[in-house]
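Data first, discussion second: the structure below is written as structure tokens.
Values in this text are rule-based calculations from the coordinates and carry no lab data. Please read all numbers here as calculations on a predicted model, not as lab measurements. Here the Cβ is made from the backbone with ideal geometry for all residues, glycine too, and neighbour counts use every protein chain on show.
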Amino acid sequence: MTGRWPVIIGGAERGSVTAERCGAYTLISAEARAEAGLVRLSLYGAGRELYLGVLAPDGGGLARLRRRFTRSELASFAAEPEYAAPAGLERSPAPGDAAAPVEEAPAGDVGAGDCAGDGSEDGELWYSAPDGTLSRFDGRRLLVALPAENVRVPAWARGVVRRINGREYVVFPR
């Protein structure tokens, strides 16, 4: 999947989303005017939805998102994209439709890296590896985040489970 599509927020076109091949991955980048604050963004086409992540303000009047997908992650979408809009829409947000919802994202939802690693919404810089792990340097040590869906940890270790780009990870210092 490669191309360029509009970002529709609040019933109006606010920016664009592009998809391009990046090695074995597809890199999806979105940019829109930051009027809506944090927005969970999805790509829509043929009645299907592909969750992209959090579109967050960059401090310069724009909101940005960058995320890479594997071929298997994109296989479930299996549609030609038509537009991007807030996640969870039940109908197409036609331009001028003021009823199109804008969903704000929780503060703990942060983004993962792209081909070279990019900044997440809270200022953390995560680098992703082909095996799905993430890593970053916090100023004192290297942190490694391992994907973990619905992982059980004891109450005293709840802080090791974090949501990064909409997925659960267990974060370990190395």
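Before moving on, here are some points about what is shown:
- FRET E, pair E20, R71, Förster distance 22 Å, beta-carbon r, rounded to 0.05: 0.95
- Residue exposure sequence - Y127, Y25 - by fewest surrounding Cβ within 10 Å: Y127, Y25
- Rounded to whole Hz, the Karplus (6.51, -1.76, 1.60) HN-Hα couplings of the range 48-58, x for glycine and proline: 10, 10, 10, 5, 9, x, 9, 8, 10, x, 9
- Sorting 136-147, 40-51 by their mean Cβ neighbour count within 10 Å, with the most densely packed peptide first, gives 40-51, 136-147.
- Computed over the range 118-173, the P(r) tail beyond 19 angstrom holds 24 percent of alpha carbon pairs.
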